[in-house]
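The structure follows.
Just so it is clear, none of the values below were taken in a lab; they were calculated from the coordinates. Note that the structure is predicted; figures quoted are calculated from it, not measured. Backbone-built Cβ (ideal geometry, glycine too); neighbour counts: all protein chains shown.
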Amino acid sequence: MAIATIKTERLKSLKRRHPWVFSGAVARIKGAAQPGETVDILSEQGEFLGRGAYSPASQITLRVWSFDEQEEIGPAFFRNRLERAWELRRSLRLEPGLTACRLVNAESDGLPGVVIDRYGETLVCQFSSAGAEWWRETIVEQLEELTRPKTIYERSDLEVRSKESLAPRCGLLYGVEPPELVEIGEGGCRYLVDVRRGHKTGFYLDQRHNRQLAARFAHGAEVLNVFSYSGGFTVQALKGGANLVVQIDASAAALELARRNILLNGFDPSAVIDLCGDAFQLLRRFRDEGRRFDLIILDPPKFAESRHQLPGACRGYKDINLLAFRLLRPGGTLFTFSCSGMLEPDLFQKIVADAALDADRQAAIVTRLFQGEDHPVGLNFPEGSYLKGLICRVF
Ligand code: SAH
């Protein structure tokens, strides 16, 4: 096995068991290692620090699989990590009737670069790092033995794979082809999920709780669901007794699927208006028309992919939140989110506060929101905490 030696002044994060080693921290690699191959990670003094995957193309040169010198990286290791992740989800006793959740949340479940989502009997995998790619077949084999699903499908078509010199890849990994749309149960509602072409692995599982909370604020309300995707919040708002939901998304396919989800749950489709287009423009149009709503949900895509995009992202969040505050009736409620991991919760809250101020609205935070508990955050991996949200009441 090749050996990676870490510079003495760069040991701190590994000692804290952070699983990433950046290229600048690596003093040298001794021996030949292919991209994705496992290497031993040592200090200049030869002390064992961990065992991880080598990725020469990435800024993150090493991703640690294990900090335990006795632990070999092979089928038994992956079996153990999958069992741990599976057991955690079982112990959570998620709501009855729920048939979809995240089974493996990458670094936070001790499996850097590996995401596995469950949609009923269909499991969907994403392998986003060279190490995950190297062990792909082993992981799929172990996953199949452990969970005995009908289908394991791959959605390794993430942008980040290019940073690891990996081409996108999608397709069947095990079992039978998934249906065109997989039906799941969540929060007492039914949803159709497009695991082949949908965003991420098909559904924004991380918003499960928050969607259900929205139902509580929707009774008799006129709701504006901005960035609605396949209607996750729309369906919950209708369940909560909304009078009207206006949903905005740039994707016509997403809105079409949202329509099907509304019908699937037996709700009156005439209570929902779809607007396909750019949310920034449509919100401005509503402002100019003097439209008002009782409940607004803002769940935008990730505005900041990297640190240098953060200032622009902050302006984007400020803009949509300012417009939303203007559109809310007194006594109305705003659900506002950011899934940019780079944006700290405190700064997000400040942006929302500035937006309320500029809109000349008084508001208070009722609740702070996060990703669901099936998206755990490794204590050694704060980057795993990315989704934050606020419920604000406007006076
Ligand atoms: N709330 C959703 C998830 C939203 S994901 C749920 O619970 O399932 C973000 C959505 O924003 C995507 O569907 C994407 O198509 C849409 N989107 C991205 N940029 C947009 C823009 N400028 N205007 C409108 N929609 C946009």
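Rg and Dmax of the range 249-395 over Cα atoms: what are they, in angstrom?
16.3, 49
Where does helix 136-147 land angle-wise versus the long Cα axis of the chain, in degrees 0 to 90, nearest 10?
70
So for Met1, Met342, fewest C-beta neighbours within 10 Å to most, what's the order?
Numbers: Met1 10, Met342 19.
Going from sparsest to densest Cβ surroundings: Met1, Met342.
Another one. For the chain, with only Lys/Arg (+1) and Asp/Glu (-1) charged at the beta-carbon, what is the dipole magnitude about the Cα centre, in debye rounded to 20?
900
Helix 345-358 sits at what angle to the longest principal axis of the chain, using alpha carbons and giving 0 to 90 degrees rounded to 10?
Approximately 20 degrees, to the nearest 10.
Among residues other than Ala252 whose Cβ falls under 14 Å from its Cβ, what is the net charge (Lys/Arg +1, Asp/Glu -1)? Please list the in-between numbers first.
On the way: positive: Arg197, Arg259, Arg260; negative: Asp194, Asp249, Glu256, Asp274, Asp278.
Net of charged neighbours comes to -2.
Take Glu144, Glu177, Glu154 and order them by how many other Cβ atoms sit within 10 Å, fewest up front.
Going from sparsest to densest Cβ surroundings: Glu177, Glu144, Glu154.
Continuing with this model, one more query. What's the extension gain from Ile29 to His308 if we count 0.36 nm per residue and subtract their Cα-Cα distance?
Between Ile29 and His308, full extension yields 97.4 nm more.
Here is a follow-up. Counting other Cβ atoms within 10 Å, which GluC sites (Glu not before Pro) in the range 177-235 have at most 10 and lie in a DSSP loop? Intermediate results must be reported in sequence, preceding the final value.
Working: sites: Glu180, Glu183, Glu186, Glu222; in loops: Glu180.
For GluC sites (Glu not before Pro) across the range 177-235 that sit outside H, G, I, E and B with at most 10 neighbouring Cβ atoms in 10 Å, the list reads Glu180.
Using only the alpha-carbon atoms, how far is helix 252-264 inclined from the longest principal axis of the chain? Give it as 0 to 90 degrees, nearest 10.
Result, in degrees: 70.
Return Ser270, Ser338, Ser156 ranked ascending by Cβ neighbour count within 10 Å, so the fewest neighbours appear first.
Sorted ascending by nearby Cβ count, the order is Ser270, Ser156, Ser338.
While we're here: Quick one: check the C-alpha center-to-center distance for the range 186-213 versus the range 9-42, whole angstrom.
If you average the Cα positions of each part, the centres end up 36 Å apart.
What percent does the relative contact order of the chain come to when contacts are Cα pairs within less than 8 Å and at least six residues apart?
Reported as a whole number, the value is 11 percent.
Using only Cα atoms, figure out Rg for the range 108-247 and give it as a multiple of 2.2 N^0.38 Å.
1.20
Let me ask another. Name the GluC sites (Glu not before Pro) in the range 1-75 that are in a loop by DSSP and that have at most 15 other C-beta atoms within 10 Å, would you?
Passing sites in the range 1-75 are Glu44, Glu47, Glu69, Glu71, Glu72.
Run through all the Cα pairs of the chain and give the fraction in each 10 Å bin from 0, expressed as whole percent.
Cα pair-distance distribution for the chain, in percent: 5, 22, 29, 24, 14, 6, 1, 0.
What does the charge add up to near Leu173, with Lys and Arg as +1, Asp and Glu as -1, over the other residues with Cβ less than 15 Å from its Cβ?
Once all neighbours under 15 Å are counted, the net charge is -3.
Among Ile262, Leu88, Ile296, whose Cα lies farthest out toward the positive end of the dipole of the chain, if unit charges sit on the beta carbon of Lys, Arg (+1) and Asp, Glu (-1)?
Value: Ile296.
Additional query: So which trypsin sites (Lys or Arg not before Pro) in the range 153-206 pass both tests, a DSSP loop state and at most 14 other Cβ atoms within 10 Å of the Cβ?
Filter output for the range 153-206: Arg197.
With Cβ to Cβ distances under 11 Å as the rule, what net charge do the other residues near Ser58 carry (K, R +1; D, E -1)?
Surrounding charge for Ser58 is +2.
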